[in-house]
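**Q** Just passing along the structure, written as structure tokens.
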Amino acid sequence: MPSLIPSFKTWRADLPASIVVALVALPLCLGIAVASGAPPLSGLIAGIVGGIVVGLLSKSSLSVAGPAAGLTVIVLAGIQSLPSFEAFLLAVVLSGVFQLLFGLTRSGVLSEFVPSSVITGMLAAIGLILILKQIPHAIGFDGDYEGSFEFFAQDGRNTLSAIWYALNQSVLWGAILISVVSLVFLFWWDAAKPKTGPLRFLPGPLVVVFIGIVGNGLLGIVAPSLQLQASHLVQVPVASDFGSFLSFFSTPDFSQIGNKTVWTVAITLAIVASLESLLSVNAVDQIDPRRRTTPKNWELFAQGGGNIASGLIGGIPVTSVIVRSSANVDSGAESKLSAMMHACWLLLSVALIPVALNLIPLSALAAVLIATGYKLTKPKLFADRLKQGWTQFVPFVVTVVAILFTDLLEGIVIGLVVGFIFVVARNFRTAITYACDGGDCLIRARRNLYFIHKYELRRELGRVPDNVNLLIDLSSTSYVDLDNVDIINAFIKGAEYRGITVTLRGDLAGRTAAMVHAPTREVRFA
């Protein structure tokens with residue numbers, strides 16, 4: 001069982017990974033907050049709380065929590081429907097309380113029923129979206145906010161048309177130069193990174209940030225027309241002193257506790273945030289090199305604690321997020337210490353060096369996210385799913401396409417529906433065999449019988465001729481649905497009038513383990 005106490009033994013691996021996650025998280029936290037209609041710093045507050053509070057409470061070794069793009073629409077609608085941002089913060093606190101209740105009722109077990117094809121489809125789709133959404137940023141078009149996952153953007157364009165628009169209207173050669181150099185370095189570094197020595201701890205994305213800052217500075221000297229301006233750089237609010245820094249934090253308006261809209265927003269946030277967190281944690285467990293398993297009900301407690309803390313100090317809702325989590329895994333993190341340290345870097349950077357952060361080109365960070373996206377959606381992933389058969393490949397592809405052309409949560413729901421259709425279809429495959437040789441007949445159940453097997457069971461029993469010995473073999477089953485029990489009992493009652501001797505074989509719900517030789521014996525089990 002994973003521990004709540006982080007292991008400091010793995011700090012050599014977790015330290016460089018935490019820096020990478022912080023670099024990935026910085027623009028995403030700011031972008032998601034702005035797109036949600038919240039103050040920019042509220043996104044960073046959520047990222048810091050997600051790393052420290054959720055990181056400390058969670059038993060997930062590699063998952064990273066923070067503001068999520070999947071909640072953007074809900075957060076925006078919630079802020080607009082309430083009288084103040086402080087009233088919305090109260091809804092965030094209450095959503096955390098609801099998540100604690102979800103954990104108490106063991107609602108986390110529901111995530112175990114999500115097919116693996118849908119989980120891997122979600123990872124691949126997010127990888128594709130990262131690449132497609134970051135291409136405009138890489139070439140200098142920063143019209144859509146960082147962290148956007150929906151197909152249709154707020155400016156009326158979509159994921160694909162935004163790329164075309166950027167190529168025709170907003171190409172900045174300085175941004176392209178920085179992003180191309182950064183991408184070349186990242187892919188080269190992945191292949192050439194030393195396995196021993198101090199350089200093995202050097203995070204490639206950190207080098208990319210320096211490439212971006214220094215490169216843009218050099219452009220200002222040798223080619224001023226190519227230098228990127230402030231609108232194409234990270235934009236962190238700068239506090240003039242400690243007092244103004246504290247003003248970035250807000251507290252909930254508890255006088256709105258009787259406002260019904262606050263409660264409606266809270267329960268909506270709790271449900272959607274819990275779903276996204278559980279799916280993300282499931283996905284992280286699958287890409288964890290050590291295949292550790294996160295207790296899902298406890299994860300709801302951790303997420304609930306994080307949202308309570310975030311709402312109390314002015315942050316937007318947090319969930320476990322796959323982009324930061326996958327960057328954490330790819331960077332070689334070994335424990336939850338990385339998630340907690342990344343939050344500390346965010347806090348120290350915003351408090352101490354906001355001016356330096358505002359020198360980072362978005363095109364450099366776009367290169368980091370494109371490289372992360374590629375690792376999530378490598379062609380080999382599609383080939384492996386195809387080898388596993390159509391029952392795995394089709395739900396996988398449907399999930400990828402659905403997420404790509406809608407948004408994260410809608411796409412997952414579509415993928416789940418298709419995945420469950422294939423599960424049901426697999427159960428419709430022949431579960432019962434029939435054979436007859438002279439006066440001896442056999443009906444054998446090859447696996448558990450559920451209500452969907454009623455027609456097949458009734459059909460095979462209808463083939464039994466009169467005046468024979470029939471063996472009904474249920475030895476391969478551990479469960480027979482009550483509807484099927486009734487069908488068998490009804491057949492047995494009528495068998496004596498047709499001269500049929502019925503013998504039952506198998507452990508019927510644990511009541512009998514021996515073969516039963518009793519003509520016209522009824523089946524009785526719960």
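**Q** Counting only protein heavy atoms and using a 1.4 Å probe, what share of the accessible area of the chain belongs to carbon plus sulfur, as a whole percent?
**A** Here carbon and sulfur together make up 66 percent of the probe-accessible area.
**Q** Of all DSSP beta bridges located in the chain, what percent are antiparallel, nearest 5?
**A** Taking every DSSP beta bridge with both residues in the chain, the antiparallel ones total about 50 percent.
**Q** If you average the C-alpha positions of the range 346-409 and of the range 440-490 separately, how far apart do those two centres end up, in angstrom?
**A** 49 Å
**Q** For helix 482-495, what angle does its Cα long axis make with the longest principal axis of the chain, in degrees from 0 to 90 and rounded to 10?
**A** Around 10 degrees separate the two axes.
**Q** Using heavy-atom solvent-accessible surface (probe 1.4 Å) with all chains present, what is the largest-first order of 122, 340?
**A** 340, 122
**Q** How would 481, 466, 473 rank on accessible area, largest to smallest, probe 1.4 Å?
**A** Final ranking, largest accessible area leading: 466, 481, 473.
**Q** Now a separate question. Treating the angle as unsigned and between 0 and 90°, give the value, to the nearest 10°, between the Cα long axis of helix 40-49 and the longest Cα principal axis of the chain.
**A** Approximately 60 degrees, to the nearest ten.
**Q** Using a 1.4 Å probe and ignoring any ligands, DNA or RNA, find the accessible area of residue 114 and quote it in Å² to the nearest 10.
**A** Rounded to the nearest 10, the figure is 30 Å².
**Q** Shifting gears a bit: Tell me, what is the FRET efficiency for residue 380 and residue 293 to the nearest 0.05, using R0 = 30 angstrom and their Cβ-Cβ distance as r?
**A** That pair, residue 380 with residue 293, gives E of 0.80.
**Q** While we're on this one: Counting alpha carbon pairs within less than 8 Å and at least 6 residues apart, what relative contact order, in whole percent, applies to the chain?
**A** 26 percent
**Q** Ordering 363, 225 from largest to smallest accessible area (1.4 angstrom probe), what's the sequence?
**A** Solvent-accessible surface, decreasing: 225, 363.
**Q** Against the longest principal axis of the chain, how steep is helix 260-287, in degrees 0 to 90 to the nearest 10, with axes from Cα atoms?
**A** Roughly 80 degrees between the two axes.
**Q** Where Lys and Arg each count +1 and Asp and Glu each count -1, what net charge lies around residue 146 among other residues with Cβ under 13 Å from its Cβ?
**A** Around residue 146, the charge tally is 0.
**Q** If you don't mind, another one. Just read off the accessible area of residue 378 with the full protein assembly in place, 1.4 Å probe, to the nearest 10 Å².
**A** 90 Å²
**Q** Placing unit charges on C-beta atoms (Lys and Arg positive, Asp and Glu negative, everything else neutral), compute the dipole magnitude of the chain about its Cα centre in debye, rounded to 20.
**A** 1340 debye
**Q** Between 332, 302, 312, whose Cα lies farthest towards the positive end of the dipole of the range 246-369 when Lys and Arg beta carbons carry +1 and Asp and Glu beta carbons carry -1, centred on the Cα centre?
**A** About the Cα centre, the residue reaching furthest to the positive side is 302.
**Q** Which distance in Å, rounded to a whole number, links the C-alpha centroids of the range 181-207 and the range 87-164?
**A** 28 Å
**Q** In deg cm²/dmol and to the nearest 500, what is the mean residue ellipticity at 222 nm of the chain if only DSSP H runs of at least 4 residues count, each as -39500 (n - 2.57), divided by the residue total?
**A** Rounded to the nearest 500, the figure is -18500 deg cm²/dmol.
**Q** Dipole size in debye (nearest 20) for the range 342-481 around its Cα centre, Lys and Arg Cβ +1, Asp and Glu Cβ -1?
**A** 360 debye
**Q** Only four residue types carry charge here, +1 at the Cβ of Lys and Arg and -1 at the Cβ of Asp and Glu. Report the dipole size of the range 123-209 about the Cα centre in Debye, rounded to the nearest 20.
**A** 440 debye
**Q** Applying 1/(1 + (r/R0)^6) with R0 = 25 Å to the Cβ-Cβ distance of residue 413 and residue 191, what FRET efficiency is obtained, to the nearest 0.05?
**A** Rounded to the nearest 0.05, the efficiency is 0.05.
**Q** Same structure again: For every other residue with a beta carbon closer than 14 angstrom to the beta carbon of residue 292, add +1 if it is Lys or Arg and -1 if Asp or Glu, then tell me the sum.
**A** Local charge sum for residue 292: +1.
**Q** Right, another one. What is the sum of charges around residue 334, taking Lys and Arg as +1, Asp and Glu as -1, for the other residues whose C-beta is under 11 Å from the C-beta of residue 334?
**A** Residues close to residue 334 contribute a combined charge of +3.
The values are calculated or read from the model by the stated rules, or taken from the named source; none is laboratory data. Treat the numbers as computed from the prediction; the structure is a model and nothing was measured. Heads up, the Cβs are rebuilt from the backbone with ideal geometry, glycines too, and the neighbour counts pull from every protein chain shown. Just the protein is used for accessible areas: all its heavy atoms, side chains included, with ligands, DNA and RNA removed. Shrake-Rupley method; radii C 1.70, N 1.55, O 1.52, S 1.80 Å.
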